[in-house]
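Okay, so here's the structure we're looking at.
The values are calculated or read from the model by the stated rules, or taken from the named source; none is laboratory data. Not measured: the values here are computed from a predicted model. Every residue, glycine as well, gets a Cβ built from its backbone with ideal geometry; the counts of neighbours run over all protein chains shown.
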Amino acid sequence: MGAPADFQNEIYLAGLGDARPTAPTDLTKLEDAARAVLSADAFGYVAGSAGSESTARANRAAFERWRIVPRMLRDVSARDLSVEVFGQRMPAPVLLAPLGVQSIFHPDGELATARAAASVGVTSVLSTASSFAMEDVAEAAGDGPRWYQLYWPKDRELAASFLERAKAAGYTALVVTLDTFTLAWRPRDLDRAYLPFLRGIGVANYFSDPVFQRAVGGPVTDENRPTALLHWVANFGNPALTWDDLAFLREHWDGPIALKGIQHPDDARRAADAGMDGVIVSNHGGRQVDGAVASLDALPPIADAVGDRLTVLFDSGVRTGSDVLKALALGAKAVLVGRPFAYGLALGGEAGVRHVLRCLLADLELNLALAGLTGPGDATLDALAAP
Ligand SMILES: Cc1cc2nc3c(=O)[nH]c(=O)nc-3n(C[C@H](O)[C@H](O)[C@H](O)COP(=O)(O)O)c2cc1C
């Protein structure tokens, strides 16, 4: 594949043969397009946030407040979007965020997402709550770069088993999500009394796990299914975890570890002190604490506090190439994108996710160049006007 921005000409040239993109190229329009094809349950699950959804609105408002200042006559003919994260060369500073239960968006779920990401060379982060077992998703990804996201279960033996399986299946870095030891108050799901896990979606990694199976009396069948689901409920998260518990992760994972859900510089410092490799500045796309600080507003103080010791990644609210540029300028090494690719998956399966990724990377390259920047390393505070 050529430069990401070539996608622009590809679209216009295909137009000469009367072809049009099958999904919006303005990625902020994907939500409306996906609403038309998803069930009300699935749409509510992906689009919804916690409580009054004030955090999700704040995430977007923060991106609106920061403005890019275009600079001229800087020779931006040679451009390189690539970055190195945890020793891994990435074609662009963008990853796919871990999103569980993707089969509610498309029957191929995480398998389609893994194939699309691999085809663009983008790293996909697989959720513990995936609809397919991590080994099957790894097979779909082939040589595609992949990380594993842990929802840290109460049962330590189960956590260790997840990590062992992830390592064996070729996931190279570990993301540990700290902000979801219990599910938040999510009115869209509550109003519909809809939780996919209780319907057996998003539990594939648990049901396929030898430690989990032992605890529920063997492989999950129609007979022990209610027991298995109750065991999942009892084990999903652990509100008793503290910073001291991080030593367990180091014992069971020898690759890079990033803590996801960090919003305060002191927590980022503690992550560094505990020997972690990175943090993901994230408020879970506004799905956990209602009325929380915008994730983008939490980013600069965290990057200042630990940017020299840890890899600082970012998510929550990224929709466009200019959003990526702004997050990089405010201190992120790379960003994770969440809902937009779920909407792409809903609209077109593997091709839909690829469409979203190619649009985002092309838009990023063009915005960087038009702002007078040749790559992610050029995106500093100088590129922005303060709110
Ligand atoms: C439908 C959905 C499912 C998610 N599932 C997970 C998950 O399993 N693990 C996790 O760490 N984060 C999960 N997240 C949060 C994302 O990883 C990410 O933090 C968030 O989507 C970023 O915000 P954005 O959607 O505004 O880009 C989920 C988000 C959505 C929308």
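Against the list (1) under 28 Å from Leu230 (Cβ atoms); (2) over 19 Å from the mean Cα position of the chain (by Cα), the condition Trp152 fails is (2).
Is it fair to say Tyr206 is crowded, with 23+ Cβ neighbours inside 10 Å and part of a strand (DSSP E or B)? Answer is no for this residue.
Are any residues in region 158-174 of a type in the set (Phe, Trp, Tyr) and more than 16 Å from Asn235 (Cβ to Cβ), and if so, which ones? If the condition is that a residue be of a type in the set (Phe, Trp, Tyr) and more than 16 Å from Asn235 (Cβ to Cβ), then Tyr171 is the only one that fits.
Residues in region 165-221 that are among the hydrophobic types (A, V, I, L, M, F, W, C) and on the phi > 0 side of the Ramachandran plot: Ala193 only. Restricting attention to region 289-319 and to residues that are within 26 Å of Phe248 (Cα to Cα), outside any strand (DSSP E or B) and touching a helix residue (DSSP H, G or I) at 6+ places or on another chain (Cβ under 8 Å), the residue that is nearest to the ligand (Cβ to nearest atom) turns out to be Ile302. Tallying residues that are of a type in the set (Ser, Thr, Tyr) and within 18 Å of Gly321 (Cβ to Cβ) within region 81-122 yields 1. Checking every residue in region 81-91 against the condition of being within 16 Å of the ligand (Cβ to nearest atom), at positive phi and touching a residue at least 60 places away in the same chain (Cβ under 8 Å) gives zero matches. Is one or more of the residues making up region 310-317 of a type in the set (A, V, I, L, M, F, W, C), at pLDDT 95 or above and over 20 Å from Val85 (Cβ atoms)? No: region 310-317 contains no residue that is of a type in the set (A, V, I, L, M, F, W, C), at pLDDT 95 or above and over 20 Å from Val85 (Cβ atoms). The residues of region 92-141 include none that are charged (D, E, K, R) and on the phi > 0 side of the Ramachandran plot. Give the number of residues within region 342-378 that are more than 16 Å from the ligand (Cβ to nearest atom), in contact with a Pro (Cβ under 6 Å, 6 or more places away or on another chain) and under 13 Å from Pro4 (Cβ atoms). Adding up the residues that qualify gives 3. Please specify each residue of region 244-259 satisfying the condition of being surrounded by 12 or more Cβ atoms within 10 Å (Cβ to Cβ) and either outside any strand (DSSP E or B) or not β-branched (Val, Ile, Thr) (or both). Asp245, Leu246, Phe248, Leu249, Arg250, His252, Trp253, Gly255, Pro256, Ala258, Leu259 - these are the residues of region 244-259 that are surrounded by 12 or more Cβ atoms within 10 Å (Cβ to Cβ) and either outside any strand (DSSP E or B) or not β-branched (Val, Ile, Thr) (or both).
In a residue-by-residue description of region 209-216, the property of being among the aromatic types (Phe, Trp, Tyr) and either within 15 Å of the ligand (Cβ to nearest atom) or surrounded by fewer than 19 Cβ atoms within 10 Å (Cβ to Cβ) (or both) applies to no position. Only one of the numbered conditions (1) within 16 Å of the ligand (Cβ to nearest atom); (2) part of a loop (DSSP other than H, G, I, E, B) is violated by Met72, and that is (1). Restricting attention to region 189-198, the residues being within 15 Å of the ligand (Cβ to nearest atom) and either of a type in the set (Phe, Trp, Tyr) or not in a loop (DSSP other than H, G, I, E, B) (or both) number 4.
Go through region 320-341 and count every residue that is part of a loop (DSSP other than H, G, I, E, B) and more than 14 Å from the ligand (Cβ to nearest atom). Final tally of qualifying residues: 3. Taking the numbered list (1) more than 21 Å from Leu384 (Cα to Cα); (2) assigned to a helix (DSSP H, G or I) in turn, Glu64 passes all entries but (1). Report the residue count in region 29-76 for those that are of a type in the set (Asp, Glu) and over 23 Å from Asp363 (Cα atoms). Number of matching residues: 2. Looking only at region 182-200, decide whether some residue is in contact with a Phe, Trp or Tyr (Cβ under 7 Å, 6 or more places away or on another chain) and crowded, with 21+ Cβ neighbours inside 10 Å. Within region 182-200 (the criterion being in contact with a Phe, Trp or Tyr (Cβ under 7 Å, 6 or more places away or on another chain) and crowded, with 21+ Cβ neighbours inside 10 Å), the answer is no, since none of the residues qualifies. Among the residues of region 77-99, is there at least one that is buried (at least 23 other Cβ atoms within 10 Å of the Cβ), out of contact with any Phe, Trp or Tyr (no Cβ under 8 Å at 6 or more places or on another chain), more than 20 Å from Asp277 (Cα to Cα) and hydroxyl-bearing (Ser, Thr, Tyr)? No, region 77-99 contains no residue that is buried (at least 23 other Cβ atoms within 10 Å of the Cβ), out of contact with any Phe, Trp or Tyr (no Cβ under 8 Å at 6 or more places or on another chain), more than 20 Å from Asp277 (Cα to Cα) and hydroxyl-bearing (Ser, Thr, Tyr).
Residues in region 271-288 that are outside any loop (DSSP other than H, G, I, E, B) and closer than 22 Å to Asp245 by Cβ: Ala271, Ala272, Asp273, Gly278, Val279, Ile280, Val281, His284.
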